[in-house]
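S.K.: Pasting in a structure now, in structure tokens, and then I'll have a few things to ask.
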Amino acid sequence: MKQQVLIIAEAGVNHNGDIKLAKQLIDVAAEAQVDYVKFQTFKAEKLTSKSAAKAQYQMDSATDKTETQYEMLKRLELSEDQHLELMAYCEKKGVTFLSTGFDLESLDNLNRLGIDRFKVPSGELTNLPYLRRVASFGKPIILSTGMADMQEVGEALAVFEAAGIDRNQLTVLHCNTEYPTPMEDVNLKAMQTMAEEFGVNVGYSDHTLGIEVPIAAVAMGATVIEKHFTLDRTMEGPDHKASLEPQELKAMVTAIRHIEKALGDGIKRPSASELKNKVVARKSIVAKIAIKKGEVFSENNLTVKRPGGGLSPMRWDVILGQTATRDYQPDDFIE
């Protein structure tokens, strides 16, 4: 049976540095029945220089336009104790904790905490020391590819393979690193291109508004879906604007699970549910008028009508010209 699509609800930094908000996000993710709720693990001083500017989408969502990226990230850090608290809370709620590490120390800490897989963010795809550290843990890897071309994706995968990571441990996510992503820039077909080129499982990390695109990605073969969510899109913070609200997250999960079922196994055959309608919907060759024994069947005395169960109309050419072996009344099946 095909493995269920892995759904990652990206809480990210939408907790705004508040552990209570983080737990409320876990509540939402658990209620939506996602597989993972994912946070972000970093030390601001190891992630960015103190003078680095924010991205435009981060500026647009900030009330303090003078705040640097370092200052913003410092507010959003989670301590190791908070990680442990959130992991315990996830276990209590029946959803698996995951976090993306953004520096080598954070990766080591996450491995020590026992996460079962590593998610590489788009910004680290060209960070060789980072990729090697992730590979050193020997765990499944999910690689986001925003801002990358095919050569860069291939080079990152080569780093993992050189470190002994099997292709079946890798999932490559197509992604566009703009928040929110314009529909004309999504390019979902690139996901299939990577699947064919690299022979790996693929998925989609979505930054569009709404839920249509990740649902379409599942229909196109995505095995992992990642999507940001928030308690309220109007909250202050860098990622709230491009995130789903709780009811939207639930709707996305429900739709994905429906699409999974609808995809089936690819074998064209009647389903069990429709077989009962076969005799009703199909037609048979029947007498158009009364036919006497010995008369020749022709287009003048034969027709095609429901129900099925008699001779298939695909036998029409075979029956024409033959002789009736008995009398027929109108609408009688031709034998």
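S.K.: Please report the carbon-and-sulfur percent of the accessible area for region 147-191; probe 1.4 Å, protein heavy atoms only, DNA, RNA and ligands left out.
M.R.: After summing per-atom areas, the C and S share lands at 46 percent.
S.K.: How large, in percent, is the carbon and sulfur part of the accessible surface of region 1-120 at a probe radius of 1.4 Å?
M.R.: It is 46 percent, rounded to a whole number.
S.K.: Restricting to Cα pairs below 8 Å that are 6+ residues apart, what does the relative contact order work out to for region 57-210? Please round to a whole percent.
M.R.: After rounding, I find 16 percent.
S.K.: Of the peptides 80-89, 143-152, how do they stack up when ordered by the mean number of other Cβ atoms within 10 Å, highest first?
M.R.: Packing order, densest peptide first, comes out as 143-152, 80-89.
S.K.: Give a residue-ordered list of calculated ³J(HN,Hα) values for region 283-296 (Karplus: 6.51 cos²θ - 1.76 cosθ + 1.60, θ = phi - 60°; whole Hz; x for Gly, Pro).
M.R.: Couplings: 10, 10, 7, 9, 6, 7, 9, 5, 10, 8, 3, x, 6, 8 Hz.
S.K.: So, by mean Cβ neighbours within 10 angstrom, what's the order for 171-179, 112-120 with the highest one leading?
M.R.: The packing order, highest mean first, is 171-179, 112-120.
S.K.: What is region 194-246's relative contact order, in percent, from Cα pairs under 8 angstrom and six or more apart in sequence?
M.R.: 32
S.K.: Where both partners of a DSSP beta bridge lie in the chain, what percent of those bridges are antiparallel, to the nearest 5?
M.R.: DSSP beta bridges in the chain are roughly 20 percent antiparallel.
S.K.: Now for a separate question. Using packing as a proxy for protection, rank 303-314, 36-47 so that the peptide with the highest average count of other Cβ atoms within 10 Å comes first.
M.R.: 36-47, 303-314
S.K.: Also: Leaving out ligands and nucleic acids, note down the accessible area per residue over region 241-293 with a 1.4 angstrom probe, in whole Å².
M.R.: I get 68 Å² per residue for region 241-293.
S.K.: Can you pull the semi-axes for the chain, root of five times each eigenvalue of the Cα gyration tensor, sorted largest first, whole Å?
M.R.: Square roots of five times the eigenvalues give 59, 21, 18 Å.
S.K.: Name the residues whose placed amide hydrogens come within less than 5 Å of the amide hydrogen of E226, ignoring near sequence neighbours (fewer than 5 apart) on the same chain.
M.R.: When sequence neighbours closer than 5 places are left aside, the close amide H contacts are I8, Y204, S205, D206.
S.K.: For region 152-265, with only Lys/Arg (+1) and Asp/Glu (-1) charged at the beta-carbon, what is the dipole magnitude about the Cα centre, in debye rounded to 20?
M.R.: Its charge dipole is roughly 400 debye.
S.K.: If you don't mind, another one. Please tell me the relative contact order of region 186-327 in percent, rounded to the nearest whole number, where contacts are Cα pairs under 8 Å and at least six residues apart.
M.R.: Over region 186-327, the number comes to 16 percent.
S.K.: Rounded to the nearest 500, what is the chain's calculated 222 nm mean residue ellipticity when only DSSP H runs of at least 4 contribute -39500 (n - 2.57) each, over all residues?
M.R.: Calculated at 222 nm, the ellipticity per residue is -10500 deg cm²/dmol.
S.K.: Moving on to the next point. Counting other Cβ atoms within 10 Å, which GluC sites (Glu not before Pro) in region 264-311 have at most 11 and lie in a DSSP loop?
M.R.: E274, E299
S.K.: To continue, here is another question. Excluding ligands, DNA and RNA, what is the solvent-accessible area per residue of region 125-185 at a probe of 1.4 Å, expressed in Å²?
M.R.: On a per-residue basis, 47 Å².
S.K.: Over region 258-303, what percent of the accessible surface lies on carbon and sulfur atoms, probe 1.4 Å?
M.R.: 56
S.K.: Which one of T323, V200, A52 has its Cα pushed farthest toward the positive end of the charge dipole of the chain, where Lys and Arg give +1 and Asp and Glu give -1 at the Cβ?
M.R.: Farthest along the dipole direction, towards plus: T323.
S.K.: In debye to the nearest 20, how big a dipole does the chain give about its Cα centre with +1 on each Lys and Arg Cβ and -1 on each Asp and Glu Cβ?
M.R.: 1620
The values are calculated or read from the model by the stated rules, or taken from the named source; none is laboratory data. These numbers come from a predicted model, not from an experiment. For neighbour counting, all protein chains shown are included, and Cβ atoms are generated from backbone atoms with ideal geometry for every residue, glycine included. Side chains included, ligands, DNA and RNA excluded: accessible areas come from the protein's heavy atoms. Shrake-Rupley method; radii C 1.70, N 1.55, O 1.52, S 1.80 Å.
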